[in-house]
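J.: Please see the structure below; I have some questions.
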Amino acid sequence: MDFVTTFFGRFHPLLVHLPIGILFLAFLFECLSFRNGYKKLNKAVQPALFWGSVFSIAAAISGFFLRQEGGYEENIADLHQNFGIVTAVLSMIVYVLRPKVKYWVDHPLRRKRVKLALSIPLIVALVITGHWGGSLTHGEEYLFAVMSLDNNEDIDPAEKIRQIINVDQAILYDDVIQPILEARCYDCHSSTKQKGDLRLDREELITRGGENGLVIRDGPADSSSLFARLVLPLEHEDHMPPNEKPQLSSSEIALIKYWIEEKASFEKPIDQFKNDDKIAAIIRTMQEAPGESWIPRNSVSAASDKSLRKLSDLRVNPMPLATGSNYLMVTFTGTQKVTDEQLQSLQEIEQQLVWLNLSYTSVTDDQMKALSKLRNLRVLNLNNTAISDAGLSQISTLDELRSLSVVGTRVTDASIETLTKIKNLTHLFLYQTAISDAGLQKLMKEHEKMKIDTGNYTLEKLPTDTIVYKQTSRK
């Protein structure tokens, strides 16, 4: 019996749209029948009310069964269910009473007005039911969220992370992890909706888990489903977020990984984590994420649909760098294998591509040759890859490159010559590389205006052209 009710309940998303369309059509016919040219539509109202009532009842029953699976905010579910029942009852009442109006009212025009008046409470109930159904599925503020001028800032984790002043003393959960979860997970796992009976908007609910058990466990990060689902292939049915939703960047996934590995502390500042250096390096890189300043001043035509389809087939998903811009950014999400074909396919959008993130991927020195064709590239992130000096030498011809991040790579002083050839490079991230102090001094002399971030000290250019190294204090 449980199988039957569950099976029927899952027809609710299909059934619920039928009464909405049919009952609104009946109301429209009722209104149009006032006009001389549409009087014959009056005959179609009663059949429409009949089928609208039938499907209203079916939708109410299937919705009741679907709710038994759980995962919905109770207050909103109650409102949606109750108004759904009211709608079904009213549709039957209107269907039964409407033919009887001719016995109560003699004047034809008044008769039409009474029939129309009967339908108005039904339409009001239908609208309210639909509103709460949408709130249940998309969130209570879904309808009006688009009107909020600050909406994008409120849910952009990168924007909140950029506001961190003292990275070492920041609370990893409050200042970094929670904004990521809010932006990427709250649509399905918060107070308005709880898929799998899981909520990620409060500390005690995260640790409680959902219907499939705990989502955070002691041990390696991949033993916790909260992390394991993030790094599944995009097409996998258990991959989270669903592939139609905005995905986490590789940096965001890495931060969640480090957080989980140390028992997902909700109170510890970053400098008390075992991997605090890696965490701080990632955050600093994210704080330098591209904004409007990375967009070339010259306009560019949009990438062709054919090129975008080809990239999509290879699981490469370009995104606009800014609203209304044809310039694109590409992030290879998660710890994944990057194929030669994927990198070569980027040439399809070489005019539009200005931002590329290959951090935490399997990109090799040999594959870097494909990047040398991307002449408009302005931001390139290669953090924690196996790239060495040989691979970096392949991109010395990228004259438009402004920002390069090679944190945690095998780059050495042998790359200084390559870096000096990139004449427009202004932001360089070298933390956890083998570049020496002497190499840094040479690089600074060649690029006087370059901002170099080495993670644990700051370089200042003095009027005497002397480089002074200031060791950052650690608590």
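J.: Taking every DSSP beta bridge with both residues inside segment 290-471, roughly what % is antiparallel (nearest 5)?
T.: 30
J.: Give 43/115; 245/369; 373/442 a once-over and call out the pairs whose C-alpha atoms are over 22 Å from each other. Don't skip to the answer; put the middle values down first.
T.: Working: 43/115 13 Å; 245/369 32 Å; 373/442 28 Å.
Among 43/115; 245/369; 373/442, the Cα-Cα distance tops 22 Å for 245/369; 373/442.
J.: Could I ask something else about it? With point charges of +1 on the Cβ of Lys and Arg and -1 on the Cβ of Asp and Glu, referenced to the Cα centre of the chain, which listed residue (454, 8, 280) lies farthest in the positive direction of the dipole?
T.: 8
J.: Same structure, new question: For a protection proxy built on the mean count of beta-carbon atoms within 10 angstrom, sort 264-271, 213-220, 349-356 highest first, please.
T.: Working: 264-271: 17.4, 213-220: 14.5, 349-356: 21.2.
Those peptides, ordered most packed to least, come out 349-356, 264-271, 213-220.
J.: Where does segment 320-447 land on Rg(C-alpha)/(2.2 N^0.38 Å)? All intermediate terms of the calculation are to be shown ahead of the outcome.
T.: Working: Rg = 14.0 Å, N = 128, 2.2 N^0.38 = 13.9 Å.
That works out to 1.01 for segment 320-447.
J.: Using Cβ contacts closer than 10 Å as the measure, can you line up 278, 195 from fewest to most?
T.: Working: 278 21, 195 17.
Lowest to highest Cβ neighbour count: 195, 278.
J.: Can you tell me the alpha carbon radius of gyration of segment 151-286 divided by the globular rule-of-thumb value 2.2 N^0.38 Å?
T.: Details: Rg = 14.1 Å, N = 136, 2.2 N^0.38 = 14.2 Å.
Rounded to two decimals, the normalised Rg is 0.99.
J.: Sticking with this structure for a sec: Excluding residue 391 itself, calculate the net charge of residues whose Cβ lies under 10 Å from the Cβ of residue 391, where each Lys or Arg counts +1 and each Asp or Glu counts -1.
T.: Working: positive: 369, 410; negative: 365, 366, 389.
Net local charge, residue 391 excluded: -1.
J.: Which value, in Å to one decimal place, does the Kirkwood hydrodynamic radius take for segment 2-145 when every pair of different Cα atoms is included?
T.: Numbers: mean 1/r = 0.0621 Å⁻¹.
Averaging 1/r across every pair of different Cα atoms and inverting gives 16.1 Å.
J.: Apply 1/(1 + (r/R0)^6) to the Cβ-Cβ distance of residue 347 and residue 445, taking R0 = 51 Å, and write down the FRET efficiency to the nearest 0.05. List each step's numbers first, then the result.
T.: Details: r = 35 Å, r/R0 = 0.69.
After rounding to 0.05, the efficiency reads 0.90.
J.: Can you give the calculated 222 nm mean residue ellipticity of the chain, where each DSSP H run of n ≥ 4 adds -39,500 (n - 2.57) and the sum is split over every residue, rounded to the nearest 500 deg cm²/dmol?
T.: Numbers: 20 runs with 204 residues, N = 475.
So the calculated ellipticity at 222 nm is -12500 deg cm²/dmol.
J.: Let me ask something additional. What pairs in 39/100; 421/451; 193/310 have C-alpha atoms more than 26 Å from each other? Display every interim value, and only then the final one.
T.: Details: 39/100 19 Å; 421/451 16 Å; 193/310 35 Å.
Where the Cα-Cα span goes over 26 Å, the pairs concerned are 193/310.
J.: Equivalent-ellipsoid semi-axes (√(5λ), Cα gyration tensor) for segment 371-433, whole Å, largest first? Don't skip to the end; give the middle numbers.
T.: Numbers: eigenvalues 56, 27, 24 Å².
One finds semi-axes of 17, 12, 11 Å for segment 371-433.
J.: Above 29 angstrom, tally the Cα pairs of the chain and express them as a % of all pairs, no decimals.
T.: 61
J.: Find how much the distance from residue 43 to residue 287 grows on full extension, using 0.36 nm per residue of separation minus their present alpha carbon separation; answer in nm with one decimal. Write down the numbers at each step before the final one.
T.: Numbers: separation 244, 0.36 × 244 = 87.84 nm, distance 6.54 nm.
Length gained, residue 43 through residue 287: 81.3 nm.
J.: Relative to the present Cα-Cα distance, how much length would full extension add between residue 102 and residue 124 at 0.36 nm per residue of separation? The partial results should precede the final answer.
T.: Values: separation 22, 0.36 × 22 = 7.92 nm, distance 2.42 nm.
That works out to 5.5 nm of additional length.
J.: In nm, what is the difference between 0.36 nm times the number of residues separating residue 372 and residue 50 and their Cα-Cα distance? Let's see the in-between values first.
T.: Details: separation 322, 0.36 × 322 = 115.92 nm, distance 6.65 nm.
Contour length minus Cα-Cα distance gives 109.3 nm.
Read-outs: derived from the displayed coordinates by stated rules, not from any lab. Just so you know, these numbers come straight off a predicted model, no measurement behind them. Note that we place each Cβ from the backbone using ideal geometry, even for glycine, and neighbour counts take in every protein chain shown.
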